[in-house]
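Take a look at the structure below.
The values are calculated or read from the model by the stated rules, or taken from the named source; none is laboratory data. Everything numeric in this text was worked out from a predicted model, so none of it was measured. So basically every Cβ, Gly included, is an ideal-geometry build from the backbone, and we count neighbours across all protein chains shown.
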Amino acid sequence: MVGRWTGFKWCLMLSVVTVLCYGTGAMICAILTWYRVWDHADVMYVADWDIVFLATMAASILLLTALLGVTGTLLNSRPILATYSLLLWPALISMLAVGYTSYKRYAFRLDLKLNLYWSQYYTPLGRLMIQNSLRCCGYYNPLHEAILSNKCYPRTPLPGCKGRLYTFEKQSLGTIWSTTFSIVPLHLLNIVVSLLCSNHVTRQFGKGITPRQYRLTYVDLREDAGKIEKELRKAGVERLRRPQWSRSSSSTTLREDREDRKPLLSGQVEEWNNVAHS
C-alpha cells in the first residue's frame, strides 16, 4: 500500500522518476536526430555522429536503470535495487563521455577541426547533406570542394558552408555539453539517494533471513538427539518403543453387537423426539 511507504521509499521513487525523465528526454532527442526529423538534423547526423551515438548509449543505460529502479521500488526487492544502484555508475560514465567529447570539440580550435573534417573525413554524400541543410555551397566558396547539385554550381549565389557550419556547431555543441554537465550533479544526488535508501524500502531489518551461523542443520539435530538420549538414560527412562501396526479384527462379535443395539438406539431417539415436541 502507498500509505504504508516509508520516507526512504518515497525519496527513492522520486529519484528514480528523475532518472527516467532525463533518460527519456535524451532518448527522444537521439531518435529525432537519427531519423533527421528536426531542422538541420542532417548536419548533426554528419558532423557529430559520434556524439549522437554516445548520447543514444547513455539514454539506453539510463532508461534500463530507471526501469529496474521502478520495478525494485514497487516490488520492495533489494537485489533489484542493488542492481539499480550499480548501473547508475555506468550511466554516469556515459553522460561524462557525451559532455567531455562535445566540450572538447567546442572549446579547442573548432574552426581548424571543421577544416580537417570537411577535406578528409566527410564523404561526398555527407557534404551534400550539409549543403542542402544549411543552404550553402562548397566550404569557402562554391569553387572549393563543393558537391554539385541543382542548387550548388559554380555561379550559384549561395555562400560557402564554413561560416554557417561553424555557427551551427558552436551552438549545438555548447547546448549539448552545458545540458549534460548540468544534469551530472542531479545524477550524483540520485546515486547518493540510491545508496542510502535502497536497503530501507520496508521497515524490515536486513533481508529477513536467518544468519548462517544460527541455522539448524542435520548435525545439530543429531547432537541434540544424543544429548536427550543421555539425559533419559541418566533418569532411568527406557527408550519408548513404537507400537506395531495393527489391523481390524475379522471377528463378527463387535459387528453383531452393533446390530443388536440398533433397535434400542432407534427407540431412544423416538422418545427424545416426543419429549421435545410435547
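A few comments on the model shown:
- For segment 111-141, a residue qualifies if it is assigned to a loop (DSSP other than H, G, I, E, B), of a type outside the set (S, T, N, Q) and within 41 Å of the chain's Cα centre (by Cα), and exactly one does: TYR122.
- Breaking point among (1) in contact (Cβ under 8 Å) with a residue 40 or more places away in the chain; (2) surrounded by fewer than 19 Cβ atoms within 10 Å (Cβ to Cβ), for ILE130: (2)
- When we screen THR73, THR83, THR33 for residues that are closer than 21 Å to LEU125 by Cβ and either without any contact (Cβ under 8 Å) to a residue 60 or more places away in the chain or part of a helix (DSSP H, G or I) (or both), the only hit is THR33.
- Of all the residues in segment 58-69, those that are free of Cβ contacts under 8 Å to residues at least 60 places away in the same chain and buried (at least 18 other Cβ atoms within 10 Å of the Cβ) number 7.
- Filtered by the rule that a residue be loosely packed, with under 14 Cβ neighbours inside 10 Å and either part of a helix (DSSP H, G or I) or not acidic (Asp, Glu) (or both), segment 36-45 gives VAL37, TRP38.
- Of all residues in segment 163-182 being within 18 Å of TYR140 (Cα to Cα) and of a type outside the set (D, E, K, R), the one that is surrounded by the fewest Cβ atoms within 10 Å (Cβ to Cβ): THR167
- Within segment 142-182, the only residue that satisfies the criterion of being of a type in the set (Val, Ile, Thr), assigned to a loop (DSSP other than H, G, I, E, B) and either more than 20 Å from GLN120 (Cα to Cα) or under 33 Å from the mean Cα position of the chain (by Cα) (or both) is THR156.
- Out of TYR106, TYR153, one residue alone is at pLDDT 90 or above and over 30 Å from LEU67 (Cβ atoms). It is TYR106.
- Among residues of segment 97-113 that are more than 22 Å from ALA26 (Cβ to Cβ), those with a Cβ under 7 angstrom from a residue that is surrounded by fewer than 17 Cβ atoms within 10 Å (Cβ to Cβ) and among the aromatic types (Phe, Trp, Tyr), sequence gap 6+ or separate chain, pair up as LEU110/TYR166; ASP111/TYR166.
- Of all the residues in segment 111-127, those that are exposed (fewer than 14 other Cβ atoms within 10 Å of the Cβ) and of a type outside the set (Asp, Glu) number 8.
- Residue satisfying all of: in segment 84-110; surrounded by 16 or more Cβ atoms within 10 Å (Cβ to Cβ) and closer than 22 Å to MET13 by Cβ; farthest from the chain's Cα centre (by Cα) among these: MET95
- There is at least one residue in segment 90-99 that is over 23 Å from SER172 (Cα atoms) and in a helix (DSSP H, G or I).
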